[in-house]
Amino acid sequence: MGRIKKNVRPRAHQMGLRTKINTVDKFQGMERNIVIVSTVRSDKAVSGTGVKDNKAAGFADSPERLNVALSRARRLLIVVGNKKFFSTIRDKQGNYLYRNAIREIESKGKVIEYTDLING
């Protein structure tokens, strides 16, 4: 989050935009016109020995926390994350936690793949 604050806040300020950058827990009970959620989880992890598979869902094991993150936007919600990884996360009963949310975003929103961004 420090890198986001360091890079985004000065640029937003130059454009006359006020920003609030914080963790999901700090946004409990708040709403904003535009919310950008970074899920910061992937199926790959970088370590000192290279890239390895990552199975740890971290905060994503708690759908309540992601629900808070996804329900704070009044006008525009942007979610940055690894769709493939999140579509594999299951609860203790084996139910997929995020597949319905991903389908809803795909049907009512717009999904932009990373490769489309880097390839122009």
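One table, with the values for the structure above:
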item	result
Sites ILE112 and ILE4, calculated FRET efficiency, Cβ-Cβ separation with R0 22 Å, nearest 0.05	0.70
Relative packing of peptides 26-35, 107-116, 68-77 - highest average C-beta neighbours within 10 Å first	68-77, 26-35, 107-116
Length-normalised contact order for the chain - Cα pairs under 8 Å, 6+ apart - percent	23
For the range 63-120: rounded, prolate or oblate by the Cα gyration tensor [a/c cutoff 1.5]	oblate
Full-extension gain in nm, ARG75 to PHE59, via 0.36 nm per residue minus C-alpha separation	3.3 nm
Percent carbon-and-sulfur accessible area, the chain, ignoring ligands, DNA and RNA, probe 1.4 Å	51
Read-out P(r) over Cα pairs in 10 Å bins from 0, in percent, derived from the coordinates shown; its label in [x] 13, 48, 33, 6, 0; [y] 11, 37, 38, 13, 1; [z] 12, 37, 35, 14, 1	[y]
HN-Hα J in Hz across the range 11-23 - Karplus 6.51, -1.76, 1.60, θ = phi - 60°, x for Gly and Pro	5, 5, 4, 4, 8, x, 9, 8, 10, 10, 10, 6, 7
Whichever lysines have a C-alpha closer than 16 Å to that of LYS26, once near sequence neighbours (fewer than 8 apart) are set aside	LYS5
Note, ³J(HN,Hα) from phi for the range 109-119, Karplus 6.51, -1.76, 1.60, rounded to Hz, x at Gly and Pro	x, 9, 10, 10, 6, 4, 4, 5, 5, 7, 8
Unit charges on C-beta of K, R, D, E only; dipole of the range 43-119, Debye	200
Modelled label reach - LEU17, point 7 Å along Cα→Cβ, the range 59-82 residues with backbone N closer than 13 Å	76-78
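The values are calculated or read from the model by the stated rules, or taken from the named source; none is laboratory data. Keep in mind the model is a prediction, meaning the values are calculated, not measured. Methodologically, a virtual Cβ is constructed for each residue, glycine included, from the backbone with ideal geometry; neighbour enumeration extends over all protein chains shown. Note: areas computed on protein heavy atoms with side chains; ligands, DNA, RNA excluded. Shrake-Rupley method; radii C 1.70, N 1.55, O 1.52, S 1.80 Å.
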